[in-house]
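To start, the structure itself, in structure tokens.
The values are calculated or read from the model by the stated rules, or taken from the named source; none is laboratory data. All of these numbers come straight from a predicted model, not from anything done at the bench. Neighbour counts are summed over all protein chains in view; Cβ atoms, including those assigned to glycine, are modelled from backbone coordinates with ideal geometry. Just so you know, the surface numbers come from the protein's heavy atoms only, side chains and all, with ligands and any DNA or RNA stripped out. Shrake-Rupley method; radii C 1.70, N 1.55, O 1.52, S 1.80 Å.
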Amino acid sequence: MEDCVGFKVLPVKVNENSKVIRHFFLKMHLTRDKCAQKPEYQTLFVVGVPEFCNQKIMKHAFRRCGKVKSVFFHNEPTPIEPEVLPSKYFIPKSIKGFKVAYVVFAHTSGLENALSLKCTESEPFILSTQCAPITNIVNRWCENYNDNIVDVRELQSEIDTYMSEYDKTSAARIQIEKETVDNEDEDGWKTVSKKGRNPGFARKEAIKNNIMKNEAKKKIKKTLKNFYRFQIKETKINQLMELRNKFDNDKSKIELLKQSRKFRPF
């Protein structure tokens, strides 16, 4: 394999009948931030993985180098642990286009064999195997369509279990808040919860945006109203007229009340 900026260049083909040669860029995974699921000297970092390559294809393709424990995909290189997907239906968006892969071998010898592969343009690395064949794009579309069909009962049971667990955790959190609120610790500090006479509002991005929009509307109203000098003068005159009219009305009401007062002992 040729070297390119610290990477080993691996020519690959989808299958033996394919005429298109792609290139994987291989490197040993070494970062400052350690990750238990991506151990050093056992993890192969692969750049330029096409979209149709899934975990099964990558596992069986690199099995010739050694036993593969797991394969992780990301949009870009990252040292963080891969996200565990507990749900079958509520999953993040799939990676579009080319991606990076982390192939974790069971032993260090697997990584050494992968980095020492002797593949050339005339004899490239074949991705498709008998155990994990790469089908054509029409079959992949059909598989994706069938995977998107939702089993209603299974989805409903998953939602019910999630909501029951959420209710349990929320009830336990509320109970802890009730027990700890208004209780002083050794230093004399009290725990203040968000529930009370004036709980305020939740610090969320949507609520913050709504508040900022309302403030902007108020500012627009303030700036557009009484913009010119003659408008300010007219509003002041109108306010004075309103006050005078109100004063006259109140004065007439008082006079009527005085006239209606009569001493009636019987």
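Of the residues in segment 100-118, none is open to solvent by 100 Å² or more (accessible area, probe 1.4 Å) and either touching a strand residue (DSSP E or B) at 6+ places or on another chain (Cβ under 8 Å) or of a type in the set (A, V, I, L, M, F, W, C) (or both).
Taken together, the criteria exclude E51 from residues that are touching a Pro at 6+ places or on another chain (Cβ under 8 Å) and either open to solvent by 70 Å² or more (accessible area, probe 1.4 Å) or in a strand (DSSP E or B) (or both).
Within segment 127-136, does at least one residue satisfy the condition of being in a helix (DSSP H, G or I), among the polar types (S, T, N, Q) and either modelled with pLDDT of 85 or more or buried (at least 16 other Cβ atoms within 10 Å of the Cβ) (or both)?
no
Restricting K96, K69, K13 to those that are open to solvent by 90 Å² or more (accessible area, probe 1.4 Å), under 23 Å from R140 (Cα atoms) and not hydrophobic (A, V, I, L, M, F, W, C) reduces the list to K96. Beta carbons closer than 6 Å, at least 6 apart along the sequence or on distinct chains, pair a first residue in segment 63-82 that is farther than 9 Å from K38 by Cα with a second that is charged (D, E, K, R) and crowded, with 16+ Cβ neighbours inside 10 Å for V68/K59; V71/K59; F73/K99. Pairs meeting the criteria (first residue in segment 93-120 and farther than 22 Å from C35 by Cβ, second residue open to solvent by less than 10 Å² (accessible area, probe 1.4 Å) and of a type in the set (A, V, I, L, M), beta carbons under 6 Å, at least 6 apart or on different chains) are C119/L10. Among the candidates T43, T31, T78, the residue that is among the polar types (S, T, N, Q) and in contact with a His (Cβ under 6 Å, 6 or more places away or on another chain) is uniquely T43.
Within segment 73-93, if we keep just the residues that are closer than 30 Å to V152 by Cβ and aliphatic (A, V, I, L, M), the residue that is most open to solvent (accessible area, probe 1.4 Å) turns out to be V84. When F73, F45 are screened for being farther than 13 Å from S128 by Cα and in contact with a helix residue (DSSP H, G or I) (Cβ under 8 Å, 6 or more places away or on another chain), only F73 passes.
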